[in-house]
Amino acid sequence: MTAAVFHARGGGYPLGMTLKEYRSRRASGRSPEPRGRRRGRSRKSPRFVIQHHAATTDHYDFRLEIDGVLVSWAVPKGPSINPKDKRMARRTEDHPMEYEDFEGVIPKGEYGAGRVIVWDRGTYTSDRDMAEGLERGHLSFRLNGEKLHGGFALTRLRTGKDEAWLLVKKSDEDADGRRKPVRSQPESVLSGRTLDELS
């Protein structure tokens, strides 16, 4: 079953996570964010993007391409490459694929107002169907980004309006209990700027 079918049936994850929800929260012409639309399944490896977002609270938006949209989670502390770290991840609305290139300032008064940079991006692989994993509440995948590599997992802890997941790094050759990339590599992979340098 595809993610599109999950949305249509209202199953698997909360209603209101579709691109319609994304668009309803953004005023056309006032926010620089792309309107976007659902795309067909990518023939190449699916994409991922992690955006550092200084809004009401500072957080990282972790997004995985699944069935033509960027399925999204807000991760307050950002991803860790230490398998001992367990990062809370709150499910947010799906974003259009065009969002993987978005970097800029969302104006004051708009939904998500604040600065956004593309902290990391790349492709990912999984030996399991991601749409089915999303419904079951467990996703297992390997990132091939500019900063992050190796195996990660997302596991759903709570359903409903405040759907919550746990993001963890798997124990593999890319795990490192000492390095903290969100601190040591704060810059954008697109512009080289940090949030503080974004005007």
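The values are calculated or read from the model by the stated rules, or taken from the named source; none is laboratory data. Note that this is a predicted model, so its numbers are computed, not measured. Cβ: placed from backbone, ideal geometry, glycine included. Neighbour counts: every protein chain shown.
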Name the residues in segment 124-135 that are within 14 Å of residue 71 (Cα to Cα) and part of a strand (DSSP E or B), would you?
124
Residues (in contact with a strand residue (DSSP E or B) (Cβ under 8 Å, 6 or more places away or on another chain), assigned to a loop (DSSP other than H, G, I, E, B) and not aliphatic (A, V, I, L, M)) located in segment 52-90
56, 76, 77, 78, 79, 80, 82, 83, 85
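Going by the conditions given, is residue 106 more than 18 Å from residue 84 (Cβ to Cβ) and in contact with a His (Cβ under 7 Å, 6 or more places away or on another chain)? Lay out the reasoning, then the answer.
Numbers: more than 18 Å from residue 84 (Cβ to Cβ): yes; in contact with a His (Cβ under 7 Å, 6 or more places away or on another chain): no.
So residue 106 fails the test.
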List the number of the failed condition for residue 161; all other conditions in (1) crowded, with 17+ Cβ neighbours inside 10 Å; (2) part of a loop (DSSP other than H, G, I, E, B); (3) basic (Lys, Arg) hold.
(1)
Residues that are part of a loop (DSSP other than H, G, I, E, B), over 16 Å from residue 61 (Cα atoms) and at pLDDT below 95: does segment 136-157 have at least one?
no
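Evaluate the following for residue 188: is it modelled with pLDDT of 95 or more and not charged (D, E, K, R)? I'd like the intermediate steps shown before the answer.
Working: modelled with pLDDT of 95 or more: yes; not charged (D, E, K, R): yes.
It is true that residue 188 is modelled with pLDDT of 95 or more and not charged (D, E, K, R).
One line per residue, one yes/no per condition, for (1) farther than 13 Å from residue 81 by Cα; (2) over 14 Å from the mean Cα position of the chain (by Cα); (3) not small (Gly, Ala, Ser):
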site	(1), (2), (3)
119	yes, no, yes
131	yes, yes, no
149	no, yes, yes
154	yes, no, yes
161	yes, yes, yes
166	yes, no, yes
Determine if segment 101-117 includes at least one residue that is touching a residue at least 24 places away in the same chain (Cβ under 8 Å), in a loop (DSSP other than H, G, I, E, B), of a type in the set (A, V, I, L, M, F, W, C) and touching a strand residue (DSSP E or B) at 6+ places or on another chain (Cβ under 9 Å).
yes
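Could you check, for segment 165-182, whether at least one of its residues is part of a strand (DSSP E or B) and without any contact (Cβ under 8 Å) to a residue 40 or more places away in the chain? Before the answer, list the steps.
Initial filter on segment 165-182 (part of a strand (DSSP E or B)): 165-169.
With the extra rule that they be without any contact (Cβ under 8 Å) to a residue 40 or more places away in the chain, the set shrinks to none.
No, segment 165-182 contains no residue that is part of a strand (DSSP E or B) and without any contact (Cβ under 8 Å) to a residue 40 or more places away in the chain.
Being in a strand (DSSP E or B) and either under 16 Å from residue 123 (Cα atoms) or aliphatic (A, V, I, L, M) (or both), is that true of even one residue in segment 91-98?
no
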